[in-house]
Each structure stands twice: as structure tokens, then as C-alpha cells.
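Please treat every number below as a calculation from the coordinates, not as lab data. A quick note: this is a predicted structure, and the numbers were derived from the prediction, not measured. Using ideal geometry, Cβ is built from the backbone for each residue, glycine included, and neighbour counts are taken over all protein chains shown.
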Amino acid sequence: MDRLFVNLLVQDLATSRAFYERLGLKVAFESAWFVHLQASEHLEVGLLPRDTELVPDADRAAPAGLMLS
């Protein structure tokens, strides 16, 4: 695998963007409903508002947790 792109559903797009920028990610693209951030040429993060119509109703609930290993 050469590239990883992760989409995260967020409550507040602007606040989430600012948080990831503080972590050093750079905005590659931004619109009213999506922010594309790059950490490196191999790692990218997309942010979408949880309540956007692009997200199915069943997936709009707040996350209960995440474990990556």
C-alpha cells in the first residue's frame, strides 16, 4: 500500500480542521461540506460533517470508540 486516505465524520468541521492543522496536517482542499488534509504524501485525512446528507442516517451517530493497532 502506497497511500492511506481516512474519512472522519465530525461534529464541527471548522473546529476539527483547526485541531488537525495544529497537529501539522495541511489543508489540500476545502469546501462547505468537506476538508481534505495531508499529513504526508502517503497519509491523508478527509473530514465530513456527521449530519451531511452524504452520510447515511445509520452512520450519523457519535462514535463510541476506536482502536487501531
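Quick notes
- Amide H contacts of Leu8 (H built 1.01 Å from N, under 5 Å, at least 5 apart or other chain): Gly46, Leu47, Leu48
- Qualifying trypsin sites (Lys or Arg not before Pro) in region 3-51, where qualification requires a DSSP coil assignment and no more than 15 other C-beta atoms within 10 Å, comprise Arg3.
- The chain - percent relative contact order, Cα under 8 Å, separation 6 or more: 34 percent
- Ranked packing of 27-33, 54-60, most packed first, by mean Cβ within 10 Å: 27-33, 54-60
- Compared with the dominant principal axis of the Cα atoms in the chain, helix 13-22 is inclined by about 30°.
- DSSP bridge orientation in the chain - percent antiparallel, rounded to nearest 5: 55 percent
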